[in-house]
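The values are calculated or read from the model by the stated rules, or taken from the named source; none is laboratory data. These numbers were taken from a predicted model, which means no experiment stands behind them. Virtual Cβ from ideal backbone geometry, glycine too; neighbours counted across all protein chains shown. Ligands, DNA and RNA are excluded from the accessible area calculation, which covers all protein heavy atoms including side chains. Shrake-Rupley method; radii C 1.70, N 1.55, O 1.52, S 1.80 Å.
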Amino acid sequence: GGLPRLLLAAVRGPPPPRQHGRSASARETVVTALTCNFIGVATARSLHYQFYLFYFFSLPVLLWATPLPTPVRLLLWAGVEGAYNVYPPSPASSAVLQTCHLVLLLGLWLGSGGAAQPSGDESRHVAKRR
């Protein structure tokens, strides 16, 4: 073990790929990483305005990884955006933000079985491109 084993592995090169299972797609990898980041923000004990910077760029990807209808996705995005644009924060804006986070989290959980598949309204566009 230790350093000699690491150096020997570096000389030999990478091991051959395993043949069991399948590799995660790029979309699955991105959605998983962004979901982990979102869970961290959504479950933080307190939210500050600068926290929005940690995940605002990922909201479109996360929203479209859910099985939610597009109008609901847009309402969630507007709710999060609106909640962060209230200064000073109010109990109502905090409730809107937490509700949007909860719905998005549930949507991601419900959509986790088909992360590599486009949602309903995107599937017809993917089919046209093939």
**Fill in**
Exception for TRP77 within (1) in a loop (DSSP other than H, G, I, E, B); (2) modelled with pLDDT of 90 or more; (3) over 11 Å from the mean Cα position of the chain (by Cα) falls at (1)
**Request:** Could you list, in sequence order, all residues of the range 15-65 that are assigned to a loop (DSSP other than H, G, I, E, B) and more than 25 Å from SER94 (Cα to Cα)?
**Result:** PRO15, PRO16, PRO17, ARG18, GLN19, HIS20, GLY21, ARG22, SER23, ALA24, SER25
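Yes/no matrix, rows are residues, columns are (1) farther than 25 Å from LEU110 by Cα; (2) open to solvent by 80 Å² or more (accessible area, probe 1.4 Å); (3) in contact with a Phe, Trp or Tyr (Cβ under 7 Å, 6 or more places away or on another chain):
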position: LEU8; (1), (2), (3): yes, yes, no
position: LEU34; (1), (2), (3): no, no, no
position: ASN37; (1), (2), (3): no, no, yes
position: SER46; (1), (2), (3): yes, no, no
position: LEU59; (1), (2), (3): no, no, yes
position: LEU76; (1), (2), (3): no, no, no
**Asked** Got a number for residues in the range 78-115 being more than 18 Å from VAL31 (Cα to Cα), among the hydrophobic types (A, V, I, L, M, F, W, C), out of contact with any Ser or Thr (no Cβ under 9 Å at 6 or more places or on another chain) and open to solvent by 20 Å² or more (accessible area, probe 1.4 Å)?
**Response** 4
